[in-house]
Amino acid sequence: VPAGCGAGVVEVERSVTAVLGQDVVLPCRFRAQEQEQVVQVTWLKRGPGGRQAKVAVLDRQHGEHVQEPYAGRVLRRVPGGALEDSAIVLR
């Protein structure tokens, strides 16, 4: 972002409570500034020791790709919606 230009803000929940056996929504929203557009969102799972594993990639041009261990368990909350709302549902 050039100096003097504002940048959008990513809004996420600091903590989300889940109930075993029930779906949970993991929210993620981007509040864009003028001329900004989301082209890709990557969801990562942080594991022991800070290791990260890719869960899903949401891409404006190439669609949605959920990694094998999560296939069938991770869905967009708003299927086909704008990437500015990239919340996912974890089943």
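The values are calculated or read from the model by the stated rules, or taken from the named source; none is laboratory data. Bear in mind the structure is a predicted one, so any value in this text is a computation, not a measurement. Cβ atoms come from the backbone with ideal geometry, glycine included; neighbour counts cover every protein chain shown. Remember, those area values only see protein heavy atoms, side chains included, never the ligands or the DNA or RNA. Shrake-Rupley method; radii C 1.70, N 1.55, O 1.52, S 1.80 Å.
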- Query: If we count every other residue with Cβ under 15 angstrom of Leu90's Cβ, Lys/Arg +1 and Asp/Glu -1, where does the sum land?
  - Reply: +4
- Message: Please report the carbon-and-sulfur percent of the accessible area for the chain; probe 1.4 Å, protein heavy atoms only, DNA, RNA and ligands left out.
- Response: 50
- Note on the structure: Relative contact order as a percentage, the chain, C-alpha pairs under 8 Å and 6+ apart, gives 29
- Message: Here are a few candidate values for Rg and Dmax of the Cα atoms in Å: (i) 21.9, 75; (ii) 14.8, 42; (iii) 14.5, 48. Which one was actually calculated from the structure I just gave you?
- Response: (iii)
- From phi via Karplus (6.51, -1.76, 1.60), per-residue ³J(HN,Hα) for segment 36-45 in Hz, x at Gly/Pro: 8, 8, 7, 10, 7, 10, 10, 9, 10, 10
- Compute the accessible area per residue over the chain, keeping the other protein chains in place, probe 1.4 Å, unit Å². 75
